[in-house]
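First up is the structure itself, then whatever we jot down about it.
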Amino acid sequence: MSVSRRALLVTAAGAAAVGPVTEASAAPAAAGRAPASAAGQVGTGATLRTLSEAAEYAVAKVRAVAPRVTGFPVGTKFEKWTYSRGGDWVGGFWPGTLWMAYLYSGDDTFRARAVESARNLAPRQTDTTTHDLGFLFYPSWVTAWRLTGDDEWRTGAIRAADSLIRRYNPRGGFIRAWGALNDTANAGRIIIDTMMNLDLLAFASRQTGDARYLDIAVAHAKTAQRVFPRPDGSTPHVFDFDPDTGAPLGPATVQGYDASSCWSRGQAWGIYGFTTMYRRTGDTGFRDTARRLADYAIGALTPDHVPVWDYRAPQQPYDIKDASAGAIMACGLLDLHAATGRRAFRDVALRILTALAETCLTRGSARAEAVVARCTRNRPGEDGIEISLPYADYYLLEGILRVLRPADVDRAVDLSQPS
Ligand code: GLY
């Protein structure tokens, strides 16, 4: 994309704060054609109908597939789910998807399945080998507690938060992403994804009255805010520190193209995560960071509104897609609209969700077990290129429900704004 086009989009999005968003201001205008409804008016009856139909499809698919789900879906192979017994980093998303299906349909079968699936994550409460505890326990156990009131979920989620804070490095002010605590490899490595794990700590502080959890979340978020965003609002996937001194070493990547690129799912985690941290703390600096990341990602979107896997991949804008990045980004933008009042964020979120509904669902395949296709797990690793991923299904449903049933999403994950 040319610099002038990106500048135009950012300027136009800013202008939208004081006036209605026009098609030109919110829809990327590079070469290629956007689906008709994605490029046209948003928030209309047609958009809402498209999203309702996508939700109906998703819920019907989950209902049909759930009886034969034998573990935690991690991704598809030949359109069928493959599973992890222990949950890998994604174990929160299947129970989370079941909770969303329950909220949308009111069908108690989904609720029973969500409870059963979430219970299987219990051994992970004490897992100190990964930062993924928020991904694992928020959409599953925190939501379970919020929807059922059963205390086992609340105490389990707090136990998971206890495991997560053990990964905090006070010298660098960060939560290490990967590796066991006694493993020196990766000890100074942080990743943008961790922004999504911090809400578990905010939850634990609210529930216990112990500020320590939120303090660590804020310290990590401030470090991330300092080292990840580049001047143009893009982010690398990874940043390394000297784990002994806490001195910054520099950016890197694992799932993006290279250290100077912008992995689209990581950028989406950042938009969502910084907005959440604003809501939990009232620190407007986090909201500003989320805006910068969002402006960059909006400017980098292709006209079809389905993110390429890395906004700076060599073949972009014609590179392979990651629909999961779109679903996560849409949720983050809806949240950011609520936090800023900037209409353009909601308009782009609706365009993304519409595009996912129109061009990425598995509707055409009787074999498919997932809802969303065209997701990419790890392009540099040649692992899972344009497959289905459980977080795409989860965030597609969360995003559509944020539009159609915001009160239900609030009941599940707590969308409250700072007081
Ligand atoms: N958090 C890992 C990923 O997004 O692939």
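The values are calculated or read from the model by the stated rules, or taken from the named source; none is laboratory data. Everything quoted here is computed from the prediction, not taken from an experiment. Cβ placement follows ideal geometry from the backbone for every residue including glycine, while neighbour counts extend to all protein chains displayed.
A few comments on the model shown:
- Residue count for segment 158-216, restricted to those that are closer than 23 Å to Pro418 by Cβ, away from the ligand (no atom under 16 Å from the Cβ) and not polar (S, T, N, Q): 17
- Being modelled with pLDDT of 95 or more and either over 24 Å from His237 (Cβ atoms) or in contact with a helix residue (DSSP H, G or I) (Cβ under 6 Å, 6 or more places away or on another chain) (or both) holds for only one residue in Gly188, Gly156, and it is Gly156.
- Figure legend. Inter-residue proximity from segment 203-221: first residues without any contact (Cβ under 8 Å) to a residue 24 or more places away in the chain, second residues assigned to a helix (DSSP H, G or I), beta-carbon distance below 7 Å, spacing 6+ or different chains. Indicated pairs: Ser205/Tyr213; Ser205/Leu214; Ala211/Ser205.
For every residue, the table says whether it meets (1) of a type in the set (Phe, Trp, Tyr); (2) within 22 Å of the chain's Cα centre (by Cα).
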site	(1), (2)
Arg166	no, no
Pro170	no, no
Asp183	no, no
Ala204	no, yes
Ser234	no, yes
Phe239	yes, yes
Leu249	no, no
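- Thr155 being under 22 Å from the mean Cα position of the chain (by Cα), part of a helix (DSSP H, G or I) and among the β-branched types (Val, Ile, Thr): no
- In segment 398-419, of all residues being more than 21 Å from Trp141 (Cβ to Cβ) and touching a residue at least 24 places away in the same chain (Cβ under 8 Å), the one that is nearest to the chain's Cα centre (by Cα) corresponds to Gly399.
- Ala259, sole failed condition from (1) away from the ligand (no atom under 16 Å from the Cβ); (2) more than 22 Å from His131 (Cα to Cα); (3) part of a loop (DSSP other than H, G, I, E, B): (2)
- Every pair of residues 6+ apart whose Cβ atoms lie under 8 Å, when the first sits in segment 253-266 and is closer than 15 Å to Arg230 by Cβ and without any contact (Cβ under 8 Å) to a residue 40 or more places away in the chain while the second is more than 10 Å from the ligand (Cβ to nearest atom) and assigned to a loop (DSSP other than H, G, I, E, B): Ala259/Pro236; Ala259/Thr253
- Residue that is small (Gly, Ala, Ser), buried (at least 24 other Cβ atoms within 10 Å of the Cβ) and in contact (Cβ under 8 Å) with a residue 24 or more places away in the chain, where the choices are Gly282, Gly299, Gly246, Gly332: Gly332
- The single condition among (1) in a loop (DSSP other than H, G, I, E, B); (2) surrounded by 21 or more Cβ atoms within 10 Å (Cβ to Cβ) that Ser416 does not meet is (2).
- Within the span defined as segment 82-95, one or more residues are at negative phi, more than 16 Å from the ligand (Cβ to nearest atom) and buried (at least 24 other Cβ atoms within 10 Å of the Cβ).
- Residue satisfying condition, being in a strand (DSSP E or B), acidic (Asp, Glu) and touching a residue at least 40 places away in the same chain (Cβ under 8 Å), within set Asp199, Asp232, Asp240: Asp240
- Condition met for Arg111 (among the basic types (Lys, Arg) and in contact (Cβ under 8 Å) with a residue 12 or more places away in the chain): yes
- Counted residues, segment 57-98 - those being among the aromatic types (Phe, Trp, Tyr) and part of a helix (DSSP H, G or I): 3
- Filter result (exposed (fewer than 15 other Cβ atoms within 10 Å of the Cβ) and within 22 Å of the chain's Cα centre (by Cα)) within segment 54-76: Glu56
- Matching residues, segment 228-256, being out of contact with any Ser or Thr (no Cβ under 7 Å at 6 or more places or on another chain), among the β-branched types (Val, Ile, Thr) and within 16 Å of the ligand (Cβ to nearest atom): Thr235, Val254
- Residue count for segment 191-206, restricted to those that are in contact with a helix residue (DSSP H, G or I) (Cβ under 6 Å, 6 or more places away or on another chain) and within 21 Å of Trp145 (Cβ to Cβ): 10
- Every residue from segment 115-151 that is under 18 Å from Gly209 (Cα atoms) and out of contact with any Lys or Arg (no Cβ under 9 Å at 6 or more places or on another chain): Asp151
- Residues of segment 305-327 that are over 15 Å from Val372 (Cα atoms), surrounded by 24 or more Cβ atoms within 10 Å (Cβ to Cβ) and charged (D, E, K, R): Asp310 alone.
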